[in-house]
Amino acid sequence: MARLGLAVCAASFHLFLLASTSSLRRAPTEADTANHARRTAYHFQPAKNWQNDPNGPMYHNGMYHLFYQYNPHSALWDIGNLSWGHSVSGDLLNWAALDTALDPTSPFDANGCWSGSATILPGALPAILYTGIDASKEQVQNVAFAKNPSDPLLREWEKPAYNPVIALPADVPGDKFRDPSTAWLGRDGLWRIAVSAEVDGVASTLVYRSKDFVRWERNAAPLHASRAAGMVECPDLFPVAERGEDGLDTSANGAGGVRHVLKLSVMDTLQDYYMVGTYDDAADAFSPAEPERGDDCRSWRRLDYGHLYASKSFFDVRKNRRVLWAWANESDSQADDVARGWSGVQTFPRKMWLAKDGKQLLQWPIEEIETLRRKRAGLWRGTRLGVGAVQEIVGVASSQADVEVVFKIPSLEEAERVDDPNRLLDPQKLCGEKGAAVRGGVGPFGLLVMASGDLHEHTAVFFRVFRHHDKYKLLMCTDLTKSSTRAGVYKPAYGGFVDMDIDDHKTISLRTLIDHSVVESFGGGGRACITARVYPEHVATSSSHLYVFNNGSDAVKVAKLEAWDLATATVNVVVGDHHGLVAPALELEPTRTTQ
């Protein structure tokens, strides 16, 4: 009877919000474009103010929860004001904002509630581990528990007076000890977490063990250490299946077709890196599958070659998948942040799974985005793009779109030769030297997005093939150099190599999500991803355009192209005294919880 009451109560809450805000889920209008030219339509962001790292995403009692670093008082970051923002969703698309979950109110977090993670404990009790900046401005690790675990919204959290549960170690500086990971159970029944630290000048990922989630002991050896990387943050250790796309619970061990991924965020590059490998929970040791990449995690695989940081994943038991969130900060000025009244977005949630080679992750937008698709254009098949071709894709609102295209390369004979292998070591520099406007052999070909009608402003997402000796290398780029005519905007050329045999396939797919100031692209079925922030001037007064192009010395074919208008999701939009949520009918499952 108690569970039935919970389900009815939660369903009533959602029906109320659905009725009050259903008009908000619609195709964008010209007025929307003019008034909110840079505010996203389906990426997560609070209604106002600063946000950064995603924290503690989880599915619990039929609801998705996202916590995030949040400054309730300003659109700028402030060490003393950071709280945990909190929003809930039924579909990972539409979100209702709740009151902050954690605020700096205690001696152990008096100067800020920084990043951390959520774990579901036995008895379906959600627990948060987070970094507090204490009254002495030292970083310590604290715990908070859901006050009422049966509340589907988890609106209240208790911070026990016995915090911190992990004090600052003697061999770690006060400002370099943070970001506890989601906890996992070892086969010995002990909980484990990873915490970032600098130990005697070495960037380290420490492991702590606990029986009760209160008393923690540090493992003698770190999970990973690097003398070259500088401070490394936001560790994420999670299992992946060796075969198939299904996700795994964070506590799944390494037996029976399971590998592990260790992801780290590196401050000196502001990039996220990962390595697939094996994890031994007896010794709490991680062994990478590609040891030749070295101990310096900056030589590991990149999670994204663009504008993405502080990523965090969780196991979605509802859809049996692992889902990734990440922060994409602004790249214009602080004055622009203040004028907008907000700063920072989360990337669109991505499903992640292990590629067949057992070495790289594949990433793809979660399937729920397809429910936002409205008007469709394209359906091109076999269209030939000759040398210098620029062809518009008409019929979609290109500032808010989902584009999928497959290119067919008839021949690789014209691929540009690279004799010096050192030129291939820095794909971002290569994208800057070989931009979309530079005539190539095979490529550049791809998309021009967020483009003005005269093409003075555009963001180019494209591929280019190089040949070194008898091997071909497929470069993927997002070139922002002409994305805006504004001064004071960061406009780099991002790039990475797509780890696939282009000689064997001679086809390459590209999917690009366009959402006003965010452009997320997925090459080769998610083998390479590039996130970008763009700020074109023309969007304030005119519509954007979308083109497919080829600037190579030989023709390429468009084997398939489809583009969709995307409706506007309801993301923390204030409606009267309530924050709006539009969600489909929910399958409330109060006994199924995970993180």
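The values are calculated or read from the model by the stated rules, or taken from the named source; none is laboratory data. Predicted, not measured: the structure shown is a model, and the values here were computed from it. Here the Cβ is made from the backbone with ideal geometry for all residues, glycine too, and neighbour counts use every protein chain on show. SASA here: full protein model, heavy atoms, side chains in, ligands and nucleic acids out. Shrake-Rupley method; radii C 1.70, N 1.55, O 1.52, S 1.80 Å.
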Completion exercise
Of the residues in segment 244-278, those that are open to solvent by 20 Å² or more (accessible area, probe 1.4 Å), assigned to a loop (DSSP other than H, G, I, E, B) and in contact (Cβ under 8 Å) with a residue 40 or more places away in the chain come to GLY244, GLU245, ASP246, LEU248, ASP249, SER251, ASN253
Practice task
Answer with yes or no whether ASP336 is open to solvent by less than 10 Å² (accessible area, probe 1.4 Å), out of contact with any Gly (no Cβ under 8 Å at 6 or more places or on another chain) and among the charged types (D, E, K, R).
Solution key: no
Completion exercise
By residue number, the members of segment 342-373 that are surrounded by fewer than 18 Cβ atoms within 10 Å (Cβ to Cβ), assigned to a strand (DSSP E or B) and not hydrophobic (A, V, I, L, M, F, W, C) are ARG373
Exercise for the section: Among the residues of segment 392-411, count how many are buried (at least 16 other Cβ atoms within 10 Å of the Cβ) and over 30 Å from the mean Cα position of the chain (by Cα). Expected result: 1
Completion exercise
Selection over segment 206-223 where residues are in a strand (DSSP E or B) and surrounded by fewer than 24 Cβ atoms within 10 Å (Cβ to Cβ) yields a count of 5
Practice task
Give the residues of segment 38-55 that are open to solvent by less than 10 Å² (accessible area, probe 1.4 Å) and at pLDDT below 95, sorted by residue number.
Solution key: none
Exercise for the section: Specify the residue that is surrounded by the most Cβ atoms within 10 Å (Cβ to Cβ); the eligible residues are those in segment 420-479 that are outside any loop (DSSP other than H, G, I, E, B) and among the β-branched types (Val, Ile, Thr). Expected result: THR478
Handout entry: Test result for GLY525, at positive phi and open to solvent by 10 Å² or more (accessible area, probe 1.4 Å)
Key = yes
Practice task
Please give the number of the condition THR182 fails out of (1) under 17 Å from ASP109 (Cα atoms); (2) touching a residue at least 24 places away in the same chain (Cβ under 8 Å).
Solution key: (1)
Practice task
Report yes if VAL232 is under 20 Å from SER115 (Cα atoms), open to solvent by less than 10 Å² (accessible area, probe 1.4 Å) and touching a helix residue (DSSP H, G or I) at 6+ places or on another chain (Cβ under 8 Å), otherwise no.
Solution key: yes
Practice task
For segment 506-516, state whether one or more residues are modelled with pLDDT of 95 or more and in a loop (DSSP other than H, G, I, E, B).
Solution key: yes
Exercise for the section: Check LEU129, LEU153, LEU168 and return the single one that is open to solvent by less than 20 Å² (accessible area, probe 1.4 Å), assigned to a loop (DSSP other than H, G, I, E, B), in contact with a strand residue (DSSP E or B) (Cβ under 7 Å, 6 or more places away or on another chain) and assigned by the TED database to the domain that holds ASN61. Expected result: LEU153
